[in-house]
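First the structure, in the form of structure tokens, and then the observations on it.
All of the numbers you see were taken from the coordinates with simple rules; none came from a lab. Keep in mind the model is a prediction, meaning the values are calculated, not measured. So basically every Cβ, Gly included, is an ideal-geometry build from the backbone, and we count neighbours across all protein chains shown.
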Amino acid sequence: MPGPPRGRHRESCVVIQSRIPQSTKMHGTSSRAGTLEQVMDRLDLRRVPRSSTALVVVDVQPDFMPGGALAVAEGDRIVSPIGRLMASGAFGACVATQDWHPRGHVSFASAHPGREPFDVIDLYGHEQTLWPDHCVQGSPGAELHPGLPLDRLDAIIRKGFYLRSDSYSGFRNNWNEMGERPPTGLDGYLRNRGIQEVYVCGLARDVCCWWTAQDAAESGFKTVLLWDLTRSVRPQGDAALLADLRRRGIVPLTVGGS
Ligand code: VGL
Ligand code: ZN
């Protein structure tokens, strides 16, 4: 299996973390001389106007952290580096998605008697993985992670709130009983803001980040998946995932810092 993809400035791959003073690790914005420039170099952001780029932070919520209801291994390792990226000011827009399910949601194994979490069923002609109950609206596990500088978010897109369909992508729901995938509004929001490039990070790499990146690319945004600022539910599928990203023209980029 190939290792994680490297960015084009490979020699400086830990620069974001290693050069930020500890005291400003989470939310600080001052006294980080050079930090913004370093981030922009690492992500090759100097080519384009800042106003045309957006960071999309997918589902960084306690339920996806180790010990959470739907734990993703090492999910906690990406919180600080994503927070630093949000605080860096390198992006024209900063958006988060929030998995936000009603009790009894169709994606919960508990809503399907006789089924277990991680079983796969047919739902409206498509595969649906059944998950443990997670990100129940209003529960602590559904909050956006308090370790993120939430004041930096321009918009929060909630998703997965229809009882009878899931929503992995931040752009549109999974298929509903009518065979439709209704949009969340994120595409219009980004377009209306003049965004042309979308940088995806968060959880989980192989579920909601992947689906979000696919839709971003299909929608015509230049799309970058910040590989090391994501973690997978099933890391054994990462090699195939990487190949799929490349096939779709989605750029996997390792930024360093997690
Ligand atoms: C996610 C499974 C179920 C995710 C959300 O955020 O990747 N995965 N709901
Ligand atoms: Zn979910």
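Points worth noting:
- Answer from S139, S232 - the residue that is within 14 Å of ligand 2 (Cβ to nearest atom) and not β-branched (V, I, T): S139
- Where a residue in the range 187-204 is without any contact (Cβ under 8 Å) to a residue 40 or more places away in the chain and its partner, wherever it lies, is away from ligand 2 (no atom under 16 Å from the Cβ), with Cβ under 6 Å and at least six apart: D187/S219
- Candidates F91, F64, filtered to the one that is within 11 Å of ligand 1 (Cβ to nearest atom), among the aromatic types (F, W, Y) and crowded, with 21+ Cβ neighbours inside 10 Å: F64
Residue by residue, here is whether (1) touching a helix residue (DSSP H, G or I) at 6+ places or on another chain (Cβ under 9 Å); (2) more than 16 Å from ligand 2 (Cβ to nearest atom); (3) not aromatic (F, W, Y) holds:
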{"site": "P66", "(1), (2), (3)": "yes, yes, yes"}
{"site": "A73", "(1), (2), (3)": "yes, yes, yes"}
{"site": "D76", "(1), (2), (3)": "no, yes, yes"}
{"site": "A87", "(1), (2), (3)": "yes, yes, yes"}
{"site": "D99", "(1), (2), (3)": "yes, no, yes"}
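- Residue match in the range 67-77 (condition: touching an Asp or Glu at 6+ places or on another chain (Cβ under 8 Å), assigned to a strand (DSSP E or B) and of a type in the set (A, V, I, L, M, F, W, C)): no
- Test for L186: is it within 14 Å of ligand 1 (Cβ to nearest atom) and aliphatic (A, V, I, L, M): no
- Qualifying residue in the range 132-147 (condition: in contact with a Lys or Arg (Cβ under 7 Å, 6 or more places away or on another chain) and closer than 23 Å to D206 by Cβ): yes
- Top-ranked residue in the range 97-129 [being under 20 Å from the mean Cα position of the chain (by Cα) and assigned to a loop (DSSP other than H, G, I, E, B); ranked as nearest to ligand 1 (Cβ to nearest atom)]: S107
- The number of residues in the range 149-170 being surrounded by 19 or more Cβ atoms within 10 Å (Cβ to Cβ), of a type outside the set (A, V, I, L, M, F, W, C) and within 14 Å of ligand 2 (Cβ to nearest atom) comes to 8.
- Residue that is surrounded by the fewest Cβ atoms within 10 Å (Cβ to Cβ) [pool: residues in the range 110-130 that are more than 12 Å from ligand 2 (Cβ to nearest atom) and of a type in the set (A, V, I, L, M, F, W, C)]: V120
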